[in-house]
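J.: Before anything else, here's the structure in question.
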């Protein structure tokens, strides 16, 4: 018995949320909601006991796209609006990885809007976290696709003049297999949503209300406006559609959890090992 015990592999060390954060200090504005996403994502990874080496966080451009640098996992900081394209390629090439794509409402719904539609349609097994503050924060406060029509600023003195983009409705219509909304002011609740999204097969879309207190200081009131209990998770598309079109953008929770099989590479295409992939780039 003693010999068996001595030869047994040591139990893996338990990791806490801080073990999933890198040593890089975030440089967001004080009060930025994106701090809450880093905390919630670290909590979610700890809940799932993920190995950091088995996780890849992919992003585009924007304040929210800094997240790969702040996580103790693989990371890829791509170009504006193309995070989903990079994440899709990574997941198809390395299906063993847990692929998490992060971005903002400008990055994801404007220049990246077409990728968003087709990522939902393809249903590749990855999770897309979009931090929505309804403004371009990094470039000093221009309206984004989700900015309210009536919102005015020095850069939009007469409002936007166009209807805002409704991400959850678009995701549902385009075929996302998991759709939910969280709030950075509730990192524990957001962590639970992230766990459910990451563990649900297929493309998971999670909208996160993430206040920009610098250019949208009125969003400090979101903590009084958000509510739980009005969204009821369902696999029925018609029921989910009814809920989303009655939604005012402040309801938190899971809207839709489907059972559509995720995309797989075509049958007959031989899977390649990491060593075979690396050999292509050897000199």
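To keep it simple, each residue is scored yes or no on (1) touching a residue at least 12 places away in the same chain (Cβ under 8 Å); (2) crowded, with 21+ Cβ neighbours inside 10 Å; (3) in a loop (DSSP other than H, G, I, E, B).
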site	(1), (2), (3)
41	yes, yes, no
45	yes, yes, no
49	yes, no, yes
57	yes, yes, no
62	yes, yes, yes
66	yes, no, no
81	yes, yes, yes
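J.: Another question about this same structure. Return the residues of the stretch 212-253 that are part of a loop (DSSP other than H, G, I, E, B), at pLDDT below 95, out of contact with any strand residue (DSSP E or B) (no Cβ under 7 Å at 6 or more places or on another chain) and over 29 Å from residue 49 (Cα atoms); say none if nothing qualifies.
T.: Hits for the stretch 212-253 are 212, 213, 214, 215, 216, 246, 247, 248, 249.
J.: Among the numbered criteria (1) surrounded by 18 or more Cβ atoms within 10 Å (Cβ to Cβ); (2) out of contact with any helix residue (DSSP H, G or I) (no Cβ under 9 Å at 6 or more places or on another chain); (3) farther than 22 Å from residue 248 by Cβ, which one does residue 203 miss?
T.: (2)
J.: Follow-up question, since we're still on this one. Given the structure, is residue 187 out of contact with any strand residue (DSSP E or B) (no Cβ under 8 Å at 6 or more places or on another chain) and surrounded by fewer than 18 Cβ atoms within 10 Å (Cβ to Cβ)?
T.: No, not satisfied.
J.: If you don't mind, another one. Going by what's in this entry, would residue 87 be described as part of a strand (DSSP E or B) and free of Cβ contacts under 8 Å to residues at least 60 places away in the same chain?
T.: Numbers: part of a strand (DSSP E or B): no; free of Cβ contacts under 8 Å to residues at least 60 places away in the same chain: yes.
In short, no.
The values are calculated or read from the model by the stated rules, or taken from the named source; none is laboratory data. Quick caveat: nothing in here was measured; it's all calculated off a predicted structure. Quick reminder, even Gly has a Cβ in these numbers, built from the backbone with ideal geometry, and neighbours come from all protein chains shown.
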